[in-house]
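The values are calculated or read from the model by the stated rules, or taken from the named source; none is laboratory data. Since we're looking at a predicted model, the values are computed, not measured. Ideal geometry is used to build each Cβ from the backbone, glycine not excepted, and the neighbour counts take in all protein chains shown.
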Ligand SMILES: [Zn+2]
Ligand SMILES: [Zn+2]
């Protein structure tokens, strides 16, 4: 019983897909028009050997492998490129310039309210020590302390 309903359903879907698949629509467009999943269209198109329009392929700008149309690089090259792109910052304490990777930078900024950077924990520690007590509750320092909570010793 259930089986025959499923079978007739999928047959009507197949007919619908076959109707749209006249070579002028892509699989995605057929899926939208027939209100079925793309994967289903792909299977039916394969089994029934229906003509579909294909999007011109897109290739990774770095290594040339075929990629999804929404991407610029393949996943692997994108990761490499993120690693390669460095961000230069200057340390708030020693004023030394230092670089971190873009992905690290994004990670640091994710829950940061204040854009102040230190080249090391030591510099951060001295900065806190130096300015401790000078400013009140709402200072950027308070926010920083919250950010680094537990990581540095409280100044005496
Ligand atoms: Zn690539
Ligand atoms: Zn420093």
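Restricting 65, 54, 101 to residues that are assigned by TED's automatic domain parsing to the domain that holds residue 121 and away from ligand 2 (no atom under 16 Å from the Cβ) narrows the list to 101. Within the stretch 77-106, the set of residues being within 16 Å of ligand 1 (Cβ to nearest atom), at pLDDT 90 or above and over 13 Å from the mean Cα position of the chain (by Cα) comprises just one member, 77.
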